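Undergrad: Got a structure for you, written out below as structure tokens; questions coming shortly.
The values are calculated or read from the model by the stated rules, or taken from the named source; none is laboratory data. Quantities reported herein were computed from a predicted structural model and do not represent experimental measurements. In this analysis, Cβ positions are derived from the backbone assuming ideal geometry, glycine residues included, and neighbour counts consider all displayed protein chains.
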Amino acid sequence: MDIIGKIYSPSSRKHSFILVATDYFTKWIEAVSYKSITQKTMKEFIEERIIHRFGIPESITTDQGTVFTGQEVISFAKARGIKMIHSTPYYAQANGQAEASNKAIIALIKRHLEDNPREWDVLLSTVLWAYRTSKKTATGTSPYMLTYGQEAVLPVEVTIQSLRVRLQNNLAKEEYDELMFANVNELGENIAIALENLILQKDRVAKAYNKHVNHKQFEIGDLVWKTILPTSLDSEKFGKWSPTWEGPFMIVEAFVGNAYRLMDIDGKEFPRTINGKYLKKYYPTMWEMRDMEEEKIENSE
């Protein structure tokens, strides 16, 4: 799950955010636009758009935004046996499926905005239909097929009377039943093929990514700069001339996956981890080194 927004300009209904949920395997997307998103919104979305349609998921992956990590949402998920997994702040790529879904939705909406730029929230349903019925590279088939067991009948097929529509109209009840049973029997094979395609595609992406990325590693006690990035929905307060780094901070704990916990110069530890991609080594100036040496002498005395 992820949030797209804040969107400028708002729609004619004053909606500025889109809450998005994607099933990792089928790539099926559920998305709703809102004026604002609260923990109450979150709970209603999970209940109505996920649980009531597809059942209770084993887990939901999000970033560490307050609407995802708030006590109301955590308690709601726990009561239903849903495991909430929170990716590292400043590193949305750790939740790559959400990033891919967001890009797809934004791109599809932009295609339809020329005539009615303030009606993007109304177009959301059309955008979702286009996405759900399109074949995906990762699985080799459409989200609709993997969710419902057969491809959707598109309006154009009815208009021009496609082969399968003509065949369906001429089938006797017994023949229709046999065809439906055959589709059900083929579904397991189609799912297995889609899963194999998904695994192969993820391996290819991982190998390509690792070839071009130099992972920065830090050790406990290292001093670092931290990238300044918006961590809330109020991202507009960060302007063009805002500083891009802040610090120094000290690494106080390191985790698997290149994540770290920081402490500021006053000894206050950050409650959340940050990915090493958004840190860089801090090298003290000559004057800072002199001050640190003087402080050490004073402390020893």
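Table: residues versus (1) in contact (Cβ under 8 Å) with a residue 40 or more places away in the chain; (2) in contact with a Ser or Thr (Cβ under 6 Å, 6 or more places away or on another chain).
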site: 11; (1), (2): yes, no
site: 47; (1), (2): no, no
site: 57; (1), (2): no, no
site: 60; (1), (2): yes, no
site: 85; (1), (2): no, yes
site: 110; (1), (2): no, no
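Undergrad: Yes or no: residue 119 surrounded by fewer than 18 Cβ atoms within 10 Å (Cβ to Cβ) and either aromatic (Phe, Trp, Tyr) or over 21 Å from the mean Cα position of the chain (by Cα) (or both)?
TA: Yes; evaluated as a whole, the condition is true for this residue.
Undergrad: In segment 27-44, is there at least one residue being within 25 Å of residue 277 (Cα to Cα) and touching a Lys or Arg at 6+ places or on another chain (Cβ under 8 Å)?
TA: Within segment 27-44, none of the residues are within 25 Å of residue 277 (Cα to Cα) and touching a Lys or Arg at 6+ places or on another chain (Cβ under 8 Å).
Undergrad: Confirm whether residue 71 is farther than 29 Å from residue 141 by Cβ, in the same structural domain as residue 125 (by TED's automatic domain parsing) and exposed (fewer than 15 other Cβ atoms within 10 Å of the Cβ).
TA: yes
Undergrad: Another question, if that's okay. Anything in segment 122-141 that is buried (at least 18 other Cβ atoms within 10 Å of the Cβ) and of a type in the set (Phe, Trp, Tyr)? List them, or say none.
TA: Within segment 122-141, just 131 meets the criteria.
Residue by residue, here is whether (1) farther than 26 Å from residue 139 by Cβ; (2) at pLDDT below 90; (3) not acidic (Asp, Glu); (4) not assigned by TED's automatic domain parsing to the domain that holds residue 126 holds:
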residue: 31; (1), (2), (3), (4): no, no, yes, no
residue: 42; (1), (2), (3), (4): yes, no, yes, no
residue: 46; (1), (2), (3), (4): no, no, yes, no
residue: 75; (1), (2), (3), (4): yes, no, yes, no
residue: 79; (1), (2), (3), (4): yes, no, yes, no
residue: 84; (1), (2), (3), (4): no, no, yes, no
residue: 91; (1), (2), (3), (4): no, yes, yes, no
residue: 94; (1), (2), (3), (4): no, yes, yes, no
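Undergrad: Which members of segment 94-114 meet the condition of being buried (at least 18 other Cβ atoms within 10 Å of the Cβ) and among the small types (Gly, Ala, Ser)?
TA: Listed by number, the residues that qualify are 94, 98, 101, 104.
Undergrad: Moving to a separate point now. Note down all Cβ pairs under 7 Å where the first residue falls in segment 251-271 and is in contact (Cβ under 8 Å) with a residue 40 or more places away in the chain, the second is of a type in the set (Phe, Trp, Tyr), and they're at least six residues apart or on different chains.
TA: Correct list of pairs: 260/218.
Undergrad: Given the residues 105, 109, which is the only one that is of a type in the set (Val, Ile, Thr) and under 30 Å from residue 273 (Cα atoms)?
TA: Matching residue, one of 105, 109: 105.
Undergrad: Next up: Answer yes or no: is there a residue in segment 258-270 that is more than 30 Å from residue 85 (Cβ to Cβ), modelled with pLDDT under 85 and in contact with a strand residue (DSSP E or B) (Cβ under 8 Å, 6 or more places away or on another chain).
TA: Scanning segment 258-270 turns up at least one residue that is more than 30 Å from residue 85 (Cβ to Cβ), modelled with pLDDT under 85 and in contact with a strand residue (DSSP E or B) (Cβ under 8 Å, 6 or more places away or on another chain).
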